[in-house]
Amino acid sequence: MTTVTTSPDCSNCGSASHLHFQTQDYNRHIGDAHFDHFLCEQCGLLFIHPVPNDLGSYYPQGYHHIPNSVDFLESNHGHELYKVEMIRRFKTSGRLLEIGPSLGTFAWAAKRAGFEVNTIEMSEDCSRYLNEVAHIPTVNTADTDAALQSLMPFDVIALWHVIEHLQDPWTTLSYIARCLKPEGICVLAAPNPDAFQFKVMGRRWPHVDAPRHLFLIPQEVLVERARALGLQLEFATTDDEGARGWNTFGWEYWLGNFAYRSRFKKILHRTGRVLARMLRRCDRQEGRGSAYTLVFRKKDT
């Protein structure tokens, strides 16, 4: 078990932090390492320290199952239409960039809705699929900041559950602000550390997802950071279609992660889905959902 002698300062506000809990990779069971999570005493940022040197090993081959045609996108992009409709409340067309598209179901939905779509993706396999099969221009790199500096400005930049994976989300957010056109929007979703589930499950909450989720960022921290970069909050919720799906996922995998055999895991997953229905009202209270979605607009100065 890791022993930390000095608590690191918060990367967001520079304030002192304290060790909040230690956890393991309960979701994927890759190794038996423990990860220290520190809580900022001022802004409430929760973060892993130190970041493991072998972080890439927690994204193993097979992390993505690559299809061989656009049939996958045609069959699955419907799950992403609520995101497109949300964006169309603020921008109905233009250049759209998705950071961390994975297999590209949202990017495909946005393309079908008439947006000119580009993506930045760290997975070589996903990038090849997007470029060669989906014909969505994709920059294959783990250096998101450099990629943002190389691209022309966008009307929309989207990050769906990506910012918590970044080692320096603050710098990336600043490059996003620069890469937006005036009156452009940034939409992002991330796990909500104020979630009802987190209060119940603590370090075993599936959305902690150590060590892949390096940060759990309070909404207020992102809103303040964005405001300083000229990005004004236009919309915020913890009860959109995505958050409701993550609510169910949380209960399902929290219970399932206590089992190692697939048979028992399936039973616990089913039990978790029942529990999710029973506790739906708690999860759907605004501000207490498992994930938040924020929409920012770049001020035309």
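Summary table below
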item	result
Scope segment 62-106; condition among the basic types (Lys, Arg) and touching a Gly at 6+ places or on another chain (Cβ under 9 Å); matching residues	Lys83, Lys91, Arg95
Positions within segment 113-131 being outside any loop (DSSP other than H, G, I, E, B) and surrounded by 18 or more Cβ atoms within 10 Å (Cβ to Cβ), in sequence order	Val117, Asn118, Thr119, Ile120, Glu121, Cys126, Ser127, Tyr129, Leu130
Test: residue in segment 109-118 that is among the β-branched types (Val, Ile, Thr), touching a Leu at 6+ places or on another chain (Cβ under 7 Å), more than 27 Å from Asp32 (Cα to Cα) and modelled with pLDDT of 95 or more	yes
Residue among Ala134, Ala107 that alone is in contact with a strand residue (DSSP E or B) (Cβ under 7 Å, 6 or more places away or on another chain) and either among the hydroxyl-bearing types (Ser, Thr, Tyr) or crowded, with 19+ Cβ neighbours inside 10 Å (or both)	Ala107
Matching residues in segment 20-70 - criterion: being farther than 30 Å from Val133 by Cβ and touching a Leu at 6+ places or on another chain (Cβ under 8 Å)	His20, Asp36, His37, Phe38, Leu39, Cys40, Leu45, Leu46, Phe47, Ile48, Val51
Top-ranked residue in segment 40-51 [being open to solvent by 40 Å² or more (accessible area, probe 1.4 Å) and free of Cβ contacts under 8 Å to residues at least 60 places away in the same chain; ranked as farthest from Ala259 (Cα to Cα)]	Gln42
Breaking point among (1) among the hydrophobic types (A, V, I, L, M, F, W, C); (2) in a helix (DSSP H, G or I); (3) under 19 Å from the mean Cα position of the chain (by Cα), for Leu103	(2)
Test result for Asp54, open to solvent by 60 Å² or more (accessible area, probe 1.4 Å), modelled with pLDDT under 95 and more than 24 Å from Gly256 (Cα to Cα)	yes
Any hit, segment 84-91, residues being part of a loop (DSSP other than H, G, I, E, B) and open to solvent by less than 60 Å² (accessible area, probe 1.4 Å)	yes
Only one of Glu98, Glu80 that is part of a helix (DSSP H, G or I) and of a type in the set (Asp, Glu)	Glu80
Residue pairs meeting the criteria (Cβ under 8 Å; at least 6 apart or on separate chains; first under 18 Å from Phe258 (Cβ atoms), in segment 23-38; second among the hydroxyl-bearing types (Ser, Thr, Tyr) and assigned to a strand (DSSP E or B))	His34/Thr23
Contacts under 9 angstrom Cβ, first residue in segment 253-278 being closer than 19 Å to Gln197 by Cβ and open to solvent by less than 40 Å² (accessible area, probe 1.4 Å), partner hydroxyl-bearing (Ser, Thr, Tyr) and part of a helix (DSSP H, G or I), 6 or more apart	Leu255/Thr271; Gly256/Thr271; His269/Tyr253; Gly272/Thr248; Gly272/Tyr253; Ala276/Thr248
Subset of segment 251-301 that is among the hydroxyl-bearing types (Ser, Thr, Tyr) and in a loop (DSSP other than H, G, I, E, B) - its residue that is modelled with the highest pLDDT	Ser290
Subset of segment 30-51 that is in contact with a Phe, Trp or Tyr (Cβ under 7 Å, 6 or more places away or on another chain) and assigned to a loop (DSSP other than H, G, I, E, B) - its residue that is modelled with the lowest pLDDT	Ile30
One residue from Ala146, Ala228, Ala210, Ala177 being among the aliphatic types (A, V, I, L, M), surrounded by 17 or more Cβ atoms within 10 Å (Cβ to Cβ), closer than 25 Å to Cys13 by Cα and more than 14 Å from the chain's Cα centre (by Cα)	Ala177
Those residues of segment 1-24 which are more than 21 Å from Pro169 (Cβ to Cβ) and assigned to a loop (DSSP other than H, G, I, E, B), in sequence order	Met1, Thr2, Thr3, Val4, Thr5, Thr6, Gln24
Meets criteria (within 17 Å of the chain's Cα centre (by Cα) and either open to solvent by less than 10 Å² (accessible area, probe 1.4 Å) or within 16 Å of Val295 (Cα to Cα) (or both)) for Pro191	yes
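The values are calculated or read from the model by the stated rules, or taken from the named source; none is laboratory data. Since the structure is predicted, the reported quantities are computational estimates derived from the model, not experimental observations. Neighbour counts are summed over all protein chains in view; Cβ atoms, including those assigned to glycine, are modelled from backbone coordinates with ideal geometry. Side chains included, ligands, DNA and RNA excluded: accessible areas come from the protein's heavy atoms. Shrake-Rupley method; radii C 1.70, N 1.55, O 1.52, S 1.80 Å.
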